[in-house]
Amino acid sequence: MEAGRRGNPLALIPRLSRPVYRGAEASLYPLDWFGVPALAKVREPKPYRHPSLDARLRAARTINEARAMAAALHAGVPVPMLLHVDPYTATLVMERLRGARTLAELVEEEPGAARSYVEQLGRYAARLHQSSIAHGDLTTSNALVDERGRLYLIDFGLATLKPGPRDRAVDLHLFLRSLESTHPEHVEEMYEAFLRGYSAEAGEEAARRLVEGVREIRLMGRYREERRTAWGGGEA
Amino acid sequence: MVSVATPSSFPPSIRGCSAPRLYPGLRWRSGLRVLGIESTAHTFGAGVASSDPPYILASVKDTYQPREGGIHPREAAAHHVRVAPEVIRRALEEAGVTIRDIDAVAVALGPGLGPALRVGATVARGLAAYYGKPLVPVNHAVAHIEIGRLFTCSADPLVLYVSGGNTMVAAHAKGRYRVFGETLDIALGNLLDTFARDAGLAPPYVVGGLHVVDRCASRAEEPAELPYTVKGMDVSYSGLLTAALRAWRRSRGAEERAAVCLGLRENGYGAAVEVAERGLAHTRKPEALLTGGVAASPVLREKFQGMASLHGARAGWPPPHFAGDNGAMIAWTGLLAYMAGVTVDPEEAVVRQRWRPDAVETPWL
């Protein structure tokens with residue numbers, strides 16, 4: 001604890017072992033947090049970003065993620081329990097879920113069971129949106145099911161706490177694209193399940209607005225067949 | 001400005017690569033030659049690909065450069081009409097073949113600028129019909145990926161494709177190149193070019209192989225604080241462009257202006273590499289391929305390499321002639337598609353300005 005007294009918050013964390021997961025955004029290190037099985041989510045410096053931009057982004061996303069997780073919990077959306085926040089080392093410590101699998105794995109392995117979780121995910125997304133939170137990276141990889149069969153949302157690093165209609169639509173857009181790129185066989189049934197859950201929670205009008213928002217985002221993307229120019233027909 | 005790439009100038013990587021091994025599912029046929037025609041944007045290119053080493057026999061291109069402003073589609077098309085016969089003639093000559101030795105004609109039917117696309121399509125349809133050659137439709141974005149795979153000898157890469165008109169992260173999954181992320185508004189090359197033009201740094205956009213924004217940025221240490229927008233696996237650059245131009249107009253002195261260039265570059269490149277990293281972490285591909293015109297940037301390459309090494313992936317990119325638009329990539333992809341049985345009736349070979357790569361089935365993979 002020598003370093004701890006000198007003000008190094010990471011000294012609270014016992015020496016980090018090898019990461020159990022190395023993602024794009026952060027690495028996860030298992031640790032014991034005063035008796036609680038925990039994970040340290042560390043946003044490590046990226047060599048491809050200018051150091052000052054990198055430091056700014058990592059600190060901002062760490063704080064943002066912690067805030068959004070707290071807000072999600074208040075909105076009635078299960079997230080792993082947050083144990084410690086340190087923007088200086090861009091570290092979050094949170095509870096380690098037992099036997100967690102990603103929804104992406106579940107969709108591939110047990111699409112039947114996955115469908116009800118996707119519906120639940122739609123309900124959670126609606127709760128977030130009603131509480132003025134947009135997740136910002138809502139994919140099948142960012143939803144976990146623990147061994148008791150409870151669904152959790154994770155990875156709030158890109159969340160927005162004052163979302164406009166566009167940010168909310170981005171959630172569905174990203175979810176839909178994670179289906180298209182990772183589970184092309186299950187796009188329709190999972191999309192329907194998600195919307196079923198969403199409208200059950202937020203009402204059909206909100207769901208309709210969300211779908212309309214997605215359509216607008218998709219027309220913004222490059223080379224949409226559907227898009228038409230001001231001159232009428234788009235294709236030659 | 002005719003640029004010619006000949007087999008003698010190819011890097012060693014392509015020579016050591018066995019193309020049939022990159023396409024284990026494809027029944028490889030020896031002795032095939034395909035002529036490819038590219039005209040999707042401001043480059044008119046023609047190339048000849050062979051199913052035997054060295055695979056690329058010729059690549060000739062001529063790029064339209066406006067004296068001021070950006071690319072006007074009509075002007076680009078007029079340029080293509082002017083240079084097409086000479087570029088194709090020289091490609092055949094470089095390859096040491098005549099049109100009669102060619103087994104099929106491949107053409108990029110999209111995505112791209114309508115008037116420019118129609119020049120290539122018209123020429124290709126004409127050649128195919130007149131000489132009785134099969135016509136092979138090629139998606140320009142897919143062609144960037146396939147030529148990149150050949151030059152880096154990659155079997156299954158995560159791809160970051162960055163050019164004037166495109167910014168996307170793609171990887172092959174379940175019969176197609178799937179788009180994992182892309183720009184929600186303008187492309188990375190467009191960001192750099194528009195900024196350079198409106199800031200009065202361009203044209204010319206590239207000086208001595210380096211983009212003028214890269215040049216301007218090299219004079220700064222600390223980047224100006226500008227918006228950095230990543231949404232999931234997507235990027236957005238329009239806010240960055242607006243903010244950078246505003247900061248440029250407000251800036252006083254060369255030092256502040258260089259800081260704006262550096263901020264623009266760092267945020268622009270950083271966001272693209274970040275979404276590529278997300279794609280790489282998500283797909284767990286062992287290789288990472290950087291391609292498209294912006295892949296010529298040494299700064300971007302270094303960042304891309306650094307990102308890939310974080311995930312134990314091998315990073316690679318084709319040489320600039322083949323990273324940018326060229327005819328050889330159309331010929332090469334056309335060759336693969338032709339071997340897999342893909343052809344189109346000239347009467348049905350219409351251009352598709354918004355033809356997405358994930359709309360293309362890839363029976364050669």
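Values in this text are rule-based calculations from the coordinates and carry no lab data. The structure displayed is predicted, hence computed values, not measured ones. Because the Cβ atoms are built from the backbone with ideal geometry, glycine has one as well, and the counts that use them run over all protein chains shown.
What is the angle, in °, between the Cα long axis of helix B:188-198 and the longest principal axis of the Cα atoms in chain B? Nearest 10 is fine, range 0 to 90.
Roughly 60 degrees between the two axes.
Using a 10 Å cut-off on Cβ to Cβ distances, tally the other chain neighbours for every residue of B:179-187 and report the average as a whole number.
Shielding by partners across B:179-187 averages 4.
In peptide B:163-176, what is the residue-averaged number of other protein chain Cβ atoms found within 10 Å of each Cβ?
Average per residue, whole number: 2.
For the protein assembly as shown, what is the largest minus smallest coordinate of the Cα atoms on each principal axis, given in angstrom and ordered from greatest to least?
Projected onto its principal axes, the Cα set of the protein assembly as shown covers 77, 61, 50 Å.
Take every residue in peptide B:292-300, count the Cβ atoms of other chains within 10 Å of its Cβ, and give the average of those counts.
Counting other chains' Cβ atoms within 10 Å and averaging over B:292-300 gives 0.
Mean shadow of region B:157-285, computed from the convex hull of its alpha carbons, in nm²?
8.2
Which residues does a label at residue A:192 reach in region A:104-123, if reach means a backbone N under 19 Å from a point 7 Å past the Cα toward the Cβ?
Under cut-off, by backbone N: A:107-108, A:110-123.
Let me spell out the model: positive unit charges on the Cβ of Lys and Arg, negative unit charges on the Cβ of Asp and Glu, origin at the Cα centre of the protein assembly as shown. What dipole size does that give, in debye rounded to 20?
Here the protein assembly as shown has a charge dipole of around 820 debye.
For chain A, what does the convex hull of the Cα positions come to per residue, in cubic angstrom?
161
Over all alpha-carbon pairs of chain B, lay out the pair-distance distribution in 20 Å bins, whole %, shortest bin first.
32, 57, 11, 0
Could you pull out which residues in region A:118-156 have an amide N less than 20 Å from a spot 7 Å beyond the Cα of residue A:185, following the Cα-Cβ vector?
A:118-119, A:140-141
Sticking with the crude label model, points 7 Å out along Cα→Cβ, report the distance from residue A:208 to residue B:249 in nm, one decimal please.
Between residue A:208 and residue B:249, the label points sit 4.1 nm apart.
Using only the Cα atoms of region B:271-365, what semi-axes does the equivalent ellipsoid have when each is the square root of 5 times a gyration tensor eigenvalue? Give whole Å, largest first.
So the three semi-axes of region B:271-365 are 30, 16, 13 Å.
Once you place label points 7 Å from the Cα toward the Cβ at residue A:32 and residue A:105, how far apart are they in nm?
Each label point lies 7 Å from its Cα, and together they span 2.4 nm.
Tell me the net charge near residue B:43. Cut-off is 10 Å between Cβ atoms, residue B:43 excluded, with +1 for each Lys or Arg and -1 for each Asp or Glu.
Once all neighbours under 10 Å are counted, the net charge is -2.
Once the other residues with Cβ under 11 Å from the Cβ of residue B:205 are scored (Lys, Arg +1; Asp, Glu -1), what is the net sum?
Cβ neighbours under 11 Å give a net charge of 0.
Can you tell me the relative contact order of region A:101-220? Whole percent, Cα pairs under 8 Å, sequence separation 6 or more.
Relative contact order here is 33 percent.
For region B:148-212 and region A:152-169, what is the separation of their Cα centres, given in Å?
27
So if I take the centroid of the Cα atoms in region A:27-44 and the same for region B:43-61, what is the distance between those two points in Å?
Between the Cα centre of region A:27-44 and that of region B:43-61, the gap is 53 Å.
Per 0.36 nm of contour for each residue apart, how much would the distance between residue B:218 and residue B:348 grow if the chain were fully extended, relative to their Cα-Cα spacing?
Contour length minus the Cα-Cα distance gives 41.9 nm.
Would you work out the relative contact order for chain B, in percent, from Cα pairs under 8 angstrom that are 6 or more residues apart?
Relative contact order, chain B: 25 percent.
Determine the sum of side-chain charges near residue B:164: Lys and Arg each +1, Asp and Glu each -1, restricted to other residues whose C-beta is under 11 angstrom from that of residue B:164.
Charge balance in the 11 Å sphere: -2.
Would you kindly calculate the translational diffusion coefficient of region A:8-95, applying Stokes-Einstein with the Kirkwood radius from alpha carbon pairs, for 25 °C and a viscosity of 0.890 mPa s, and quote it in µm² s⁻¹ without decimals?
So the translational diffusion coefficient is about 181 µm²/s.
Taking Cα pairs under 8 Å and at least six residues apart, what relative contact order does region B:222-302 come out at, in percent?
Once divided by the residue count of region B:222-302, the mean separation gives 35 percent.
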